[in-house]
Amino acid sequence: MPTYTLLVPLAAIGVLALVLRWALSQDTDEAHRKDYGLLREVAKVPSPTAARVVEQRLQEAGVRSTTVPAEDGNGMRIMVFPGDENTAIQALLRD
């Protein structure tokens, strides 16, 4: 059995290991951010109780919303779809 039949697969495995090591070392803040897809933030509130009040107001206006923890860990973010963003903002600014 020729020697190169053993060396070629080992070399390929070594190259893959180097590429994976490099790719996994690319640790950036963006890699750890939560992505909520199309959702847009319309409000940030200090507590889950306040988030429920905001969600209730949006529901009364016919807007579907989602609550997620704030990135900085302080409070909650109220997220809506882009098509509902203006309606949500107007509903929250009323009163």
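No lab work stands behind these numbers, since they all come straight from the coordinates. Keep in mind that what you see is a predicted model, and the values were worked out from it rather than measured. As a convention, Cβ positions derive from the backbone with ideal geometry for all residues, glycine included, and neighbour counts pool all protein chains shown.
Checking each residue in the range 37-95 for being in contact with a Lys or Arg (Cβ under 9 Å, 6 or more places away or on another chain) and basic (Lys, Arg) picks out Lys44, Arg57, Arg77, Arg94. If you go through the range 40-66 and pick out every residue that is part of a loop (DSSP other than H, G, I, E, B) and under 18 Å from Gln90 (Cβ atoms), you end up with 5.
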